[in-house]
Amino acid sequence: MRHLDHDHELLLSVDFEDWHQLVRRRIGVSGWATPGPALGRQTAALLDLLDELGVKATFFVLGMAARAHPRLVEHVVARGHEIGCHGDTHLPVFSQSPAEFAADLRTARETIEAITGRRPLGYRAPAFSITENCAWAYGVLADQGFAYDASQHDSPRIRDRIAPASAGPHPMQAEGTTLWEFPVAVWHGPRGRLPVGGASYWALLPTGLVLRGLRGAGSMAGLYLHPHELDPQPLRVGLPARTSPGQRAHAALRGVQRNAARRRAPEVLRAIAERHPLITYGEAHARVSRGTTAGP
Ligand SMILES: [Zn+2]
């Protein structure tokens, strides 16, 4: 039986991207952009799990993945989930100039709008890559019409990260307008910071510790999953015959790391959903921004 803590909601998100595309590009396999069948079965499993739990999530959609799999993005919308933006090509924000970042956002948004007919309000940076060296990114996001960002993640594993001004949702001033920030769940526990919001971390932690950490992380902290973490089949990169031994070793390592997260994600999410109401970022934004946008 559920004992939902209604005073402690959490924000649920999916970084919607094609793991096979990204790994194959990273290790330099030719034809890496060719869409495969994996994202379809991963998305089906993920949407079924969200329906089972009776929750809606925000899908931060990568433009490149959406162009390869437009029907899947349509399914996500049809099942009632919010569509956000994960950029277009999944290159770190800190590796781009402001003009390149603006162009990446525009391309992603045009792709998403063409498929869904909706304008995404929120943004999540690839690998949480808005760092101290590129805090200008918030101004670009505001300038491009985004209402909120969900990229701050105070994880010790992210170099030069921007520490959130507050663990919960908070307004930031950018380009003369308000951009809301929704940080990922991090517990400041007795032994230091423990990131508990991402399914890749759930692979390394007992479920009880994740739940304790989420209680400590505060209300409206962010959770994130990836479709590949719900894959009903083991992840294999699938390399063409002409692949070097080094590329094969790299691909095998990525598979081992990701399969550990894949085995744990559904049971941990079920345990979280038994204790906390899970809502979309858009719903949270509508609620927190009420009263701050009303002018005189
Ligand atoms: Zn991503």
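The values are calculated or read from the model by the stated rules, or taken from the named source; none is laboratory data. Please read these numbers as outputs of a predicted model, since none were measured by experiment. Glycine gets a Cβ as well: all are built from the backbone with ideal geometry, and neighbour counts include every protein chain shown. In case anyone asks, the SASA skips ligands and DNA or RNA and just uses the protein heavy atoms, side chains included. Shrake-Rupley method; radii C 1.70, N 1.55, O 1.52, S 1.80 Å.
Figures for the structure shown
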| quantity | calculated |
| --- | --- |
| Checking ASP48 against (1) in contact (Cβ under 8 Å) with a residue 40 or more places away in the chain; (2) in a helix (DSSP H, G or I); (3) surrounded by fewer than 19 Cβ atoms within 10 Å (Cβ to Cβ), the condition it does not meet | (1) |
| Residue check, ASP104 free of Cβ contacts under 8 Å to residues at least 60 places away in the same chain, within 16 Å of the ligand (Cβ to nearest atom), surrounded by 14 or more Cβ atoms within 10 Å (Cβ to Cβ) and assigned to a loop (DSSP other than H, G, I, E, B) | no |
| Single residue of LEU72, LEU91 found to be within 16 Å of the ligand (Cβ to nearest atom) and surrounded by 21 or more Cβ atoms within 10 Å (Cβ to Cβ) | LEU72 |
| Long-range neighbours under 7 Å by Cβ, at least six apart or interchain, first residue closer than 17 Å to THR58 by Cβ within segment 115-135, second within 14 Å of the ligand (Cβ to nearest atom) and at pLDDT below 95 | PHE128/ILE158 |
| Test: residue in segment 16-31 that is assigned to a helix (DSSP H, G or I), in contact with a His (Cβ under 9 Å, 6 or more places away or on another chain) and charged (D, E, K, R) | yes |
| Criterion (more than 30 Å from GLY40 (Cβ to Cβ) and either modelled with pLDDT under 95 or surrounded by fewer than 20 Cβ atoms within 10 Å (Cβ to Cβ) (or both)) met by exactly one of PRO234, PRO206, PRO277 | PRO206 |
| Any chance LEU141 is under 19 Å from GLY282 (Cβ atoms), touching a residue at least 40 places away in the same chain (Cβ under 8 Å) and either crowded, with 22+ Cβ neighbours inside 10 Å or not basic (Lys, Arg) (or both) | no |
| The listed residue being in a helix (DSSP H, G or I) and open to solvent by 20 Å² or more (accessible area, probe 1.4 Å), out of ARG215, ARG193, ARG159 | ARG215 |
| Of all residues making up segment 182-233, the number that are among the acidic types (Asp, Glu) and either more than 20 Å from ARG270 (Cβ to Cβ) or away from the ligand (no atom under 15 Å from the Cβ) (or both) | 1 |
| Some residue of segment 51-66 being exposed (fewer than 15 other Cβ atoms within 10 Å of the Cβ), in contact (Cβ under 8 Å) with a residue 60 or more places away in the chain, polar (S, T, N, Q) and away from the ligand (no atom under 13 Å from the Cβ) | no |
| Some residue of segment 11-32 being more than 16 Å from the ligand (Cβ to nearest atom), modelled with pLDDT under 95 and open to solvent by 60 Å² or more (accessible area, probe 1.4 Å) | yes |
